[in-house]
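> Here you go, one structure.
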Amino acid sequence: MTEKIDFHHKVILAPMVRVSTLPFRLLSLRYGADLVYCEEIIDFKILSSTRVENDILGTVDYVMSDGFVVFRTCPQEKGKVFFQLGTSDPERAVAAALKVQDDVAGIDINMGCPKEFSIKGGMGAALLKKPEKVKQILSSLVKAVSIPVTCKIRCLPTLDETIELAKIIEKTGVSALTVHGRTKEERPRHTNRNDFIRKIAESLSIPVIANGGSKEMKDNSDIQKFAKNTGCTSVMVAQAAERNPSIFSKEGMIPLLDIVREYIKMAIDWDNNAINSKYCILAMMYKDMDLKEGDQSLTAVTMEEFSEIWGLQEYHNQHRQSMNKLLAMKYDKETEIHVVTTDDGHTTIEMPFKFNKKEFPPKISPKQRLYEATKRAGINRLEYDVTERTEDRCYNCILNVGGNLYTTPYWEKSKQLAEQGTAMVANTVLDIEDERQFVEGGQNEALVEKWKKRKNDSDVKDIYLSFKHLLDKANEEKEKLAKKRLNDETNDSCIEVKHFVSDNHDDVVT
């Protein structure tokens, strides 16, 4: 039984790439949006992710193997967030929708994005000319999921073509249709075809949501004018909301600098990454970049820097302190170290290290330092056994150093990341200095601290001591060779002096 949502008389945040992430969605809801759509997420990506309940933030995260959060949602938007899916295949669409349906209010299929990436993948606006594929995707979804399915399209070149496609979509059983009043070739500078939207709304029995009117919107009253002009009761707002999400408020617009500060607080609260946060800040400031906050934000790269620019240092620091306490408790649970010793005496050690290039100096890597140290110890071969997982082309590595094995539990997006992670494990166990500069309070640092308490246990102590013995022995041999070379050079010098004295004896006497 499909859950019901009334799509009449709604004001909705549009799905905008890099903008419609959790902080911006929540800010839009705060100022009066009735529903919010997330940015388009491709079916392959969501299917490759892992659903994680984030106890620290109180969110549900869909996370890639490299730790990147594809989609994050929280209870504050429960029943109001729609998941926009990019797809060109009915089976993948169903699989992706079933994966997220318990965490979102509905599924929206992107059939209007004009970007080259979508078009080449047979997604977005490419579907406008494939009515049979449209029918298959939407019909399959409506039958498979228990939440509303909607669809977002652009206009075709003629009104008749657009109405014909809209009626095909209606027959699939979708709950509502959003129409952007421009063709896939047109851009925001072109006039929105409000008359097309009106005619489509008159031709269908399901709710039609009008989109594309941001050029006509200066405040909330203009949203209602746009609804009236298009003959729709509901409106989806994109660029006008991107510039200032308080456009959703019936109580008037909030000054720009105040709204940006509110956004930054949201980004801090929900641990939004600095790159995405910067994009949203600059999008809001694009007409006011001459202000000092805008100019300084251009060069900022961390949330600490943004907090300083916008006078939110204390807010950021207090949040960071409380987060660090929670993270310390979390990492204590998650930094499990697994040790298995086989009957032949070889040991496998697994630690959840993740390689981050930023935590090492330029041109220095764990693999490089491990190679140098093992070569000094007389271990001339390191065996990196990398396995590829076919369904998502991610990699796990097992490293053999002198018969003992080192690995991590992670499947990384590249062979290099997998190999560097295992090298970090080996360097930690063998006490090899690799010049790591781990983030204070981070998981890698917590893992090192945990190993310090573990390394003297009987099942692992001999591994380090054996390697240390090899290094000590190698160093002794090196010192012996150095002394021998010095002695040889000294003896050679003495012989040369004797020869010199002997050869020149008569001259000296004379």
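> Identify, among 141, 28, 194, the residue whose Cα sits farthest towards the positive end of the charge dipole of the chain, taking +1 on the Cβ of Lys and Arg and -1 on the Cβ of Asp and Glu, with the dipole about the Cα centre.
Projecting each Cα onto the dipole axis, the largest value belongs to 194.
> Now for a separate question. Given a Förster distance of 22 Å, report the FRET efficiency between residue 321 and residue 274 from their Cβ-Cβ distance, rounded to the nearest 0.05.
Working: r = 19 Å, r/R0 = 0.85.
Once the sixth-power term is evaluated, E becomes 0.75.
> Please give the net charge around residue 81, taking every other residue with its beta carbon less than 9 angstrom from that of residue 81, where Lys and Arg add +1 and Asp and Glu add -1.
Working: positive: 25, 78, 80; negative: 77, 103.
Counting the neighbours of residue 81, the net charge comes to +1.
> Further question on the same structure: What is the set of long-range amide H partners of residue 414 at a cut-off below 5 Å, with H atoms built 1.01 Å from backbone N?
Correct list: 395.
> Select from 280, 306, 246 the residue farthest towards the positive end of the dipole of segment 237-313; place +1 on Cβ of Lys and Arg, -1 on Cβ of Asp and Glu, and compute about the Cα centre.
So the residue we want is 246.
> Taking each pair of distinct Cα atoms in segment 99-162 once, what is the resulting Kirkwood hydrodynamic radius in Å?
Numbers: mean 1/r = 0.0790 Å⁻¹.
After inverting the pairwise mean of 1/r, the radius is 12.7 Å.
> Which value, in Å², gives the accessible area per residue of segment 175-286 when a 1.4 Å probe is used on the protein heavy atoms?
Values: 4640 Å² over 112 residues.
It amounts to 41 Å² per residue over segment 175-286.
> Here are a few candidate values for volume of the Cα convex hull per residue in Å³: [x] 239; [y] 206; [z] 143. Which one was actually calculated from the structure I just gave you?
[x]
> Run down the lysines and flag those whose C-alpha is under 29 Å from the C-alpha of residue 483, throwing out any fewer than 8 positions away in its chain.
375, 468, 473, 498
> Could I ask something else about it? What are the semi-axes of the equivalent ellipsoid of segment 234-318, taken as the square roots of 5 times the eigenvalues of the Cα gyration tensor, listed largest first and rounded to whole Å? The partial results should precede the final answer.
Numbers: eigenvalues 95, 41, 30 Å².
Over the Cα atoms of segment 234-318, the ellipsoid semi-axes are 22, 14, 12 Å.
> Which of rounded, prolate, oblate describes segment 92-251, given a ≥ b ≥ c as roots of the alpha-carbon gyration tensor eigenvalues and a/c under 1.5 marking rounded, otherwise prolate only if a/b is larger than b/c?
Cα axes put segment 92-251 in the prolate bin.
> Ok, one more. Per residue, what volume in Å³ does the Cα convex hull of segment 277-371 take up? Walk me through the intermediate numbers first.
Values: hull volume 14.2 nm³, N = 95.
Roughly 149 Å³ of hull volume per residue.
> So for segment 1-131, Kirkwood radius off the Cα pairs, Stokes-Einstein at 37 °C and 0.692 mPa s: how many µm² s⁻¹?
215
> Just the Kirkwood number for segment 1-72, please: inverse of mean 1/r across all distinct Cα pairs, in Å, one decimal.
13.8
> Could you tell me the calculated FRET efficiency between residue 136 and residue 115, based on Cβ-Cβ distance and R0 = 35 angstrom, to the nearest 0.05? Kindly include the intermediate steps, with their values, before the conclusion.
Working: r = 23 Å, r/R0 = 0.65.
Working from the Cβ atoms, E equals 0.95.
> Now, a different point. Quote the FRET efficiency, to the nearest 0.05, computed for residue 475 versus residue 371 with a Förster distance R0 of 22 Å and r equal to the Cβ-Cβ distance. Before the final figure, lay out each step's value.
Working: r = 18 Å, r/R0 = 0.80.
So the FRET efficiency works out to roughly 0.80.
> log₁₀ I(q)/I(0) of segment 177-241 at q = 0.17 Å⁻¹, via Debye over equal Cα point scatterers, no solvent, to two decimals?
Cα-only, vacuum Debye calculation for segment 177-241: -0.50.
> Could you work out the helix-only [θ] at 222 nm for the chain, with each DSSP H run of four or more residues adding -39,500 (n - 2.57) and the total divided by the number of residues, to the nearest 500 deg cm²/dmol?
On the way: 19 runs with 235 residues, N = 510.
For the chain, the value works out to -14500 deg cm²/dmol.
> Which far-off residues, 5 or more places away or on another chain, put their amide H under 5 Å from the one on residue 84, with H placed in the peptide plane?
38, 41, 108
> Could you give each residue of segment 266-272 its phi-based ³J(HN,Hα) in whole Hz, using Karplus coefficients 6.51, -1.76, 1.60 with θ = phi - 60°, and x for Gly or Pro?
Those phi angles translate into 4, 4, 5, 4, 9, 6, 6 Hz.
> So, one more: In vacuum, with every alpha carbon of segment 382-497 counted as one equal point scatterer, what does the Debye formula give for log10 I(q)/I(0) at q = 0.17, 0.19 Å⁻¹? Two decimals, please.
The computed values of log10 I(q)/I(0) come out as -0.93, -1.08.
> Report ³J(HN,Hα) in whole Hz for each residue of segment 44-55, in order, from the Karplus equation J = 6.51 cos²θ - 1.76 cosθ + 1.60 where θ = phi - 60°; Gly and Pro get x.
4, 5, 5, 6, 7, 8, 10, 6, 10, 8, 8, 5
> Quote the charge dipole size of segment 97-256 about the Cα centre in Debye, to the nearest 20; the model charges only the Cβ of Lys and Arg (+1) and of Asp and Glu (-1).
Details: 25 positive and 18 negative charges, 70 e Å.
Dipole magnitude for segment 97-256 comes out near 340 debye.
> Then there's this: Quick one: work out the % antiparallel among DSSP beta bridges in the chain, nearest 5.
On the way: 26 of 59 bridges.
About 45 percent, rounded to the nearest 5.
> Sort segment 330-422 into rounded, prolate or oblate with this rule: let a ≥ b ≥ c be the square roots of the eigenvalues of the Cα gyration tensor; rounded if a/c is under 1.5, and if a/c is not under 1.5, prolate when a/b is larger than b/c, oblate otherwise.
In terms of gyration-tensor shape, rounded.
> Please give the helix 159-171 orientation as an angle from the longest Cα principal axis of the chain, in degrees from 0 to 90, rounded to the nearest 10.
Around 80 degrees separate the two axes.
> Apply the Karplus curve 6.51 cos²θ - 1.76 cosθ + 1.60, θ = phi - 60°, to the phi angles in segment 209-221 and return the couplings in whole Hz, x for Gly and Pro.
Coupling constants for segment 209-221: 9, 7, 9, x, x, 4, 4, 8, 10, 10, 8, 4, 4 Hz.
> Can you list the residues, at least 5 places off or on another chain, whose amide H is less than 5 Å from the amide H of residue 17, using H built in the peptide plane?
40
> What angle, in degrees between 0 and 90 and rounded to the nearest 10, separates the Cα long axis of helix 313-334 from the longest principal axis of the Cα atoms of the chain?
70
> In percent, how large is the relative contact order of segment 298-451, given Cα pairs closer than 8 Å and 6 or more residues apart? Mind showing how you got there, number by number?
Working: 215 pairs, mean separation 39.4, N = 154.
Over segment 298-451, the number comes to 26 percent.
> Expressed as an acute angle from 0 to 90° and rounded to the nearest 10, what is the orientation of the C-alpha long axis of helix 458-503 relative to the principal long axis of the chain?
50
> Then there's this: Explain nothing, just the number: dipole magnitude of the chain about its Cα centre with +1 on each Lys and Arg Cβ and -1 on each Asp and Glu Cβ, in debye rounded to the nearest 20. Kindly include the intermediate steps, with their values, before the conclusion.
On the way: 73 positive and 79 negative charges, 462 e Å.
The dipole of the chain has a size of about 2220 debye.
The values are calculated or read from the model by the stated rules, or taken from the named source; none is laboratory data. A quick note: this is a predicted structure, and the numbers were derived from the prediction, not measured. Here Cβ is always computed from backbone atoms with ideal geometry, including for glycine, and neighbour counts include all displayed protein chains. Ligands, DNA and RNA are excluded from the accessible area calculation, which covers all protein heavy atoms including side chains. Shrake-Rupley method; radii C 1.70, N 1.55, O 1.52, S 1.80 Å.
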